Amino acid sequence: MPRTVRLAIGMAVVFGASIALVAPATAGDPPVQDGRIGKQIGGNFKGAHVINETGQKQTVSKTVPVGATAVFYVKTKNLGGAPEDHADGSASSPCFRVRYLTAFTGGIDVTSSVVAGVDGTIPPGTTFKSRFEVKVKGCASPGDVKTVRLDWSPVNPPLDHDRVRGRVIVG
């Protein structure tokens, strides 16, 4: 029997290309996933109540050497009144390997599902914690940059979505 992975990774609703502040929802409201991204588990997370399709004010950067892995932590809170969601994220590229995992530590590798686009459930009012890792391979050179996006939408295909981004700079 195939295993179904329920996943939430970080975003919400967009209104055009502008940033919207999200008010608390009531039962029956559509799902609105609000993504926040941080560089470390106990650190500051960017993007709380910032909803947009660009990742503006929801992007963090890390500089790492060739061979190292940059880890980005994502909190996705369902501010809406329904549990449905859809997530999709950036794929690996020749000099950068991207992995998506379902927890801050440990967790299940759901990379292929996230890259393909995955439907899931985040109960209203709850927060899902996940992370993505970006390994800098030997073919990368100092100054190379890989920006990984993670989008959340209340439905598939995405109509409106929220985006967080992790930017890796090879140092």
Considering segment 82-98 alone, what residues qualify as being at pLDDT 90 or above and either within 25 Å of A48 (Cβ to Cβ) or of a type in the set (F, W, Y) (or both)?
A87, D88, G89, S90, F96, V98
Single unsatisfied condition, A70 versus (1) of a type in the set (A, V, I, L, M, F, W, C); (2) more than 15 Å from D34 (Cβ to Cβ); (3) in a loop (DSSP other than H, G, I, E, B)
(3)
From the list F72, F104, F96, which residue is more than 19 Å from F128 (Cα to Cα) and crowded, with 16+ Cβ neighbours inside 10 Å?
F96
State which residue pairs qualify: first residue in contact (Cβ under 8 Å) with a residue 12 or more places away in the chain and among the hydroxyl-bearing types (S, T, Y) and inside segment 39-54, second residue surrounded by 13 or more Cβ atoms within 10 Å (Cβ to Cβ) and not in a loop (DSSP other than H, G, I, E, B) in any location, beta carbons under 8 Å apart, and separation of 6 or more residues or different chains.
T54/R163
Please verify whether K129 is within 15 Å of the chain's Cα centre (by Cα) and of a type in the set (D, E, K, R), treating the condition exactly as stated.
yes
Can you tell me which residue among S130, S112 is at pLDDT 95 or above and outside any strand (DSSP E or B)?
S112
Tally of residues being within 13 Å of G67 (Cβ to Cβ) and of a type in the set (A, V, I, L, M) across segment 123-171
5
Give the residues of segment 136-154 that are out of contact with any Gly (no Cβ under 8 Å at 6 or more places or on another chain), at pLDDT 95 or above, surrounded by 14 or more Cβ atoms within 10 Å (Cβ to Cβ) and part of a strand (DSSP E or B), sorted by residue number.
K146
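Among the residues of segment 116-135, write down those that are among the aliphatic types (A, V, I, L, M) and touching a Gly at 6+ places or on another chain (Cβ under 8 Å).
Residues of segment 116-135 among the aliphatic types (A, V, I, L, M): 116, 118, 122, 134.
V134, the sole residue that qualifies.
Conditions (1) in a loop (DSSP other than H, G, I, E, B); (2) closer than 30 Å to G143 by Cβ; (3) at pLDDT 95 or above, marked per residue:
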| site | (1), (2), (3) |
| --- | --- |
| G28 | yes, no, no |
| E53 | yes, yes, no |
| K62 | no, yes, yes |
| G80 | yes, no, no |
Looking at (1) within 20 Å of V168 (Cα to Cα); (2) among the hydrophobic types (A, V, I, L, M, F, W, C); (3) surrounded by 14 or more Cβ atoms within 10 Å (Cβ to Cβ), which one does A82 not meet, given that it meets all the others?
(1)
On the basis of being part of a loop (DSSP other than H, G, I, E, B), in contact with a strand residue (DSSP E or B) (Cβ under 9 Å, 6 or more places away or on another chain) and farther than 17 Å from T147 by Cβ, does A103 make the cut?
yes
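The values are calculated or read from the model by the stated rules, or taken from the named source; none is laboratory data. Fair warning: this is a prediction, and the values are worked out from it, not measured in the lab. All Cβ positions, glycine included, derive from the backbone under ideal geometry; neighbour counts span all protein chains shown.
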